[in-house]
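Worksheet: one structure, shown below.
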Amino acid sequence: MALVIIDGVVDLPKTREAIPDKADEFFVKSKGIADTVFWLTNQSPSAWSFEVETRPFAETW
């Protein structure tokens, strides 16, 4: 079992409609989430992780 935290707004048609003024960098892309989950489920057991966070690159703190 693993935990994937999605810290952002997923880039879906409904979210684009709800907040149309946001730039592409604001959204977390579905392919990026899928790539992260694939990595998590295929990682080496020599350095194991059960949790990962995903967020858009343009996130400001």
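Nothing in this text is a laboratory measurement; each read-out follows from the coordinates by a stated rule. Note that this is a predicted model, so its numbers are computed, not measured.
Of the options (1) 7.1; (2) 5.0; (3) 4.1, only one is mean projected area of the Cα convex hull in nm² as computed from these coordinates, and that is (2).
The angle between the Cα long axis of helix 30-41 and the main principal axis of the chain comes to about 10°, on a 0 to 90 degree scale. Length available on full extension from Ala23 to Glu53: 0.36 nm per residue minus the Cα-Cα distance, which gives 8.7 nm.
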